[in-house]
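The values are calculated or read from the model by the stated rules, or taken from the named source; none is laboratory data. The shown structure was predicted, so the numbers you read here are calculated from the model rather than taken from an experiment. We place every Cβ from the backbone using ideal geometry, glycine too, and count neighbours over all the protein chains shown. Surface accessibility is based on the protein's heavy atoms, side chains included, excluding ligands, DNA and RNA. Shrake-Rupley method; radii C 1.70, N 1.55, O 1.52, S 1.80 Å.
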Amino acid sequence: MYQICVIASSVNGEYDEERTTIIRKEKDGWNIKFGSQKPSTPLLDTINYPLHMKNLSKEDLEQLAAELRADIVHTVSNVGGHLSSSLGVVELTVALHHVFNAPEDKIIWDVGHQVYPHKILTGRRSAMHTIKKTSGLSGFPKRDESIYDAFGTGHSSTSISAGLGMAVARDLLGKNNNVISVIGDGAMTAGQAYEAMNNAGFLDANMIIILNDNKQVSLPTATLDGPATPVGALSRNLSKIQASTKFRKLREAAKVVHDVDLQKLPVRFVVDRAGLVGADGPTHHGVFDTTYMACLPNMVVMAPADEAELMHMVATAAAIDDRPSCLRISRENGIGAILPLNNKGTPLEIGKGKVVIEGSRVAILGFGSMVQRCMQAAQMLKSLDISVTVADARFCKPLDTDLIKLLAKEHEFLITVEEGSIGGFGSHVSQYLSISGILDGPLKWRAMMLPDRYIDHGSQQDQIEEAGLSSKHIAATILSLL
Ligand SMILES: Cc1ncc(C[n+]2csc(CCOP(=O)(O)OP(=O)(O)O)c2C)c(N)n1
C-alpha cells in the first residue's frame, strides 16, 4: 500500500475503524473497506454532471470510480436495489461519461439494471435514496426522468436495435453525435440482439457496441430483506437451457396465434409477476396478458385466488392436453391458505368458478388475486349491514356463464374486479351480459380494472391505491351504487 487517498467520515474527528468506509489505493488496485457510515467522497462531491468530469486526470478518474463504488454500496445498503450489475460498470460508466459527450452522444444501457453510477453522474445523486420508491427515481433508465437516459429499458436485448435506429436517424438528420450501446453477455444471448447485429452490419451505420462480457448474469442481488439469489454464472446454465430443444420450442411459441392456438397445441403458458409488481415498475408489470390471451379462441385462461388454488391450477394446466392454457400468477404474497395434501393439486373443472361468500343484493366476481380484496370489501360492507356475495371466477376463458347468470339473477348489482388492463376479464363478462340480454333487465353492473395508463414504480400497496383497486375502492364502488 502506498497511498491513502480518502479516509472516510469520522465522528468528532475520531476515527472508528468498524463504522468507517475506507477507500484506499493499494499496489494492485483500489481497496474499499466498507463501514456503516456514509463514505467521504470529496471528488465525487464535485461532480454533478458529466461536464464536471472532463478535465480530470486518469488518476482522478480512478479515484472517482472508487468513490462512486463506495457511494453506491452505501446507498444500496440503505434502500436496496441492483447492486452487482451497477458495481460491475462503475469504471465503464466513468470512462463513457469522460470520453463521450452525453446527452448529445447517446448512451444506451441494456436491461438498464446497471445505471446507478450513470444516474449519480448525471444529476441524480441527491435523489438516489428514493430509487424504486413511490414518486422516487426509477430503478432503470427512463426518458421522462432525464435527458441523459437515451432509451428506456428494464428488459434485455434491446440496446443494439435502439442504438441502430438512433444512428440511422442521426445520419438522416446530418448530425455527428456518437451512439453507444452497452450490452451484457447475458443480454447478448437473445434473438433481438442477433437480429440487430445483422441489421447493423447490413446498414453499416456508425455505432459503438460495448460488450460487457463479465461471464455473469447478474440479477438484483440486494434487497432490504437481505441478499437474494446470488449472482451466478447463469450464462453457463443459459447456454445449457438454450441448447435444450424443449426450451427452443418454448421460445418459438412466442408467436402464439400461429404456432400454438390455431393448432390447438397443448402449450402451457405461466405468466409470472402478473398484476402490479411494485418497485420494478411498468416495464415489469404483468397487466396485459389476460387481454391478449383471452381473445384467442382456443386458449384456457385462469388465475388463482390464493396459493392452494395455484396448486390446483398447475394440476389443471398439466391435465389440459387438447389445447393451450395460460395461468397468471400474481406478485402478491400467499395468504396462508391450507394447501392440498402432499402439495398436490387436483385438476379443476375447466371454466367453472365458485361462490366463496354467500350474500344477497350485491355480487362481486373477482378474478385471480383480486378475490382476496373482494372478500375484504365484503367484510367492510357487512359491518354496514350490506350483504355481499363474493365469487371466484377462476377462469376468464372459458367464462363460467352459468355462474354469471346466477349472480345476475339473484342480485341487484354485479361487479367484476381484476388486476389487469381494459379488455380483460371485465370485458368478457360485459360482452356475455350484453349478448345474452341480461343487461336489458334490472341488473346494474360495473367493471373494476386497471386504469388506461401505466402505473409508475413504487410499493405494490401504493400502486393498488393509485389504480383504485384496494378493498376500500371496491367497497366504495358498491356504496356509490346503492
Ligand atoms: C427480455 C428479458 N428477459 C429476462 C430478463 C431478466 N433479467 C434481468 S437482468 C438479467 C441478466 C442480464 O445479464 P447480462 O446482460 O450479462 O448483464 P450483467 O450480468 O452484466 O449485469 C436478466 C436475464 C429481462 N430483464 N429481460
What list of ³J(HN,Hα) values in whole Hz, one per residue of segment 124-137 in order, does the Karplus curve 6.51 cos²θ - 1.76 cosθ + 1.60 (θ = phi - 60°) give from phi, with Gly and Pro shown as x? 10, 4, 5, 9, 4, 6, 9, 4, 6, 9, 3, 6, x, 5
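With a cut-off of at most 12 other beta carbons within 10 Å, and DSSP calling the residue loop, which GluC sites (Glu not before Pro) in segment 312-395 qualify? Please list them. Intermediate results must be reported in sequence, preceding the final value.
Numbers: sites: GLU332, GLU349, GLU358; in loops: GLU332, GLU349, GLU358.
Of the GluC sites (Glu not before Pro), the ones in loops of segment 312-395 whose Cβ has at most 12 other Cβ atoms within 10 Å are GLU349, GLU358.
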Sequence-distant or interchain residues sharing an amide H contact under 5 Å with PHE269, placed H: which? SER325, CYS326, LEU327
Just the accessible area per residue of the chain, please: how many Å² with a 1.4 Å probe? 48
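In whole percent, how big is the carbon plus sulfur part of the accessible area of segment 371-442, probe 1.4 Å, protein atoms only?
Details: 1590 of 2970 Å².
Roughly 54 percent, rounded to a whole number.
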Relative contact order (percent, whole number), segment 18-99, Cα cutoff 8 Å, 6+ residue spacing: 27
Heavy atoms only, probe 1.4 Å: what % of the accessible area of segment 19-134 goes to carbon and sulfur, would you let me know? 53
Site VAL257, offset 7 angstrom along Cα→Cβ, radius 15 Å on amide nitrogen, limited to segment 267-296, gives 291-296
Among the listed pairs LYS27/LYS58; LYS54/LYS132; LYS54/LYS119; LYS27/LYS54, which have their C-alpha atoms separated by more than 22 angstrom in this model? LYS54/LYS132; LYS27/LYS54
Could you give the length gained by full extension between GLN376 and ASP452, i.e. 0.36 nm per residue of separation minus their alpha carbon distance, to one decimal place? 24.9 nm
Residue-span extension gain [LYS58 to GLU358] - 0.36 nm each, minus C-alpha spacing: 100.7 nm
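Counting each DSSP H run of 4 or more residues in the chain as -39500 (n - 2.57), what helix-only mean residue ellipticity at 222 nm follows after dividing by all residues, to the nearest 500 deg cm²/dmol? If you can, show how the numbers build up before the last one.
Numbers: 15 runs with 159 residues, N = 482.
Computed mean residue ellipticity for the chain: -10000 deg cm²/dmol.
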Tilt of helix 401-410 relative to the longest C-alpha principal axis of the chain, in degrees (0 to 90, nearest 10)? 70
Sequence-distant residues sharing a close amide H with LYS106 (under 5 Å, placed H): ASN178, VAL179, ILE180
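Kindly identify segment 101-205 as rounded, prolate or oblate by the Cα gyration tensor criterion: order the square roots of the eigenvalues as a ≥ b ≥ c, call it rounded if a/c is under 1.5, otherwise compare a/b with b/c, prolate if a/b is larger, else oblate. Each step should come with its number before you reach the end.
Values: a/c = 2.78, a/b = 1.51, b/c = 1.84.
Cα axes put segment 101-205 in the oblate bin.
What FRET efficiency do you get for PHE202 and ASN177 if R0 is 30 Å and r is their Cβ-Cβ distance, rounded to the nearest 0.05? Kindly include the intermediate steps, with their values, before the conclusion.
Values: r = 22 Å, r/R0 = 0.73.
Result of the calculation: an efficiency of 0.85.
Rounded, prolate or oblate: pick one for segment 359-482, where a ≥ b ≥ c are the square roots of the eigenvalues of its C-alpha gyration tensor, a/c under 1.5 means rounded, and failing that, prolate if a/b is larger than b/c, else oblate. Intermediate values should be presented prior to the final figure.
Numbers: a/c = 1.89, a/b = 1.24, b/c = 1.52.
The shape class here is oblate.
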In whole Å, what are the extents of the chain along the principal axes defined by its C-alpha atoms, from largest to smallest? 82, 60, 49
Flagged links, alpha-carbon separation over 18 Å, of LYS142/LYS215; LYS38/LYS142; LYS354/LYS405; LYS354/LYS444: LYS142/LYS215; LYS38/LYS142; LYS354/LYS444
Distance in nm between GLU104 and ALA169 label points, each 7 Å along Cα→Cβ, equals 1.8
In whole angstrom, note down how far apart the Cα centers of segment 324-364 and segment 54-104 are. 48
Which of the aspartates and glutamates could be linked to LYS133 by a straight reach, that is with a Cα gap under 12 Å, when you skip same-chain ones fewer than 8 residues away? ASP280, ASP456, ASP462
Kindly write out, for segment 316-333 in residue order, the coupling ³J(HN,Hα) from the Karplus curve 6.51 cos²θ - 1.76 cosθ + 1.60 (θ = phi - 60°), rounded to whole Hz, with x marking Gly and Pro. 5, 4, 5, 7, 6, 10, 10, 6, x, 9, 9, 10, 9, 10, 6, 6, 4, 6
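Scan segment 435-473 for trypsin sites (Lys or Arg not before Pro) in coil per DSSP, keeping those whose Cβ has at most 16 other Cβ atoms within 10 Å, and list them by number. Write out the running numbers ahead of the final one.
Numbers: sites: LYS444, ARG446, ARG453, LYS472; in loops: ARG453.
Answer by residue number: ARG453.
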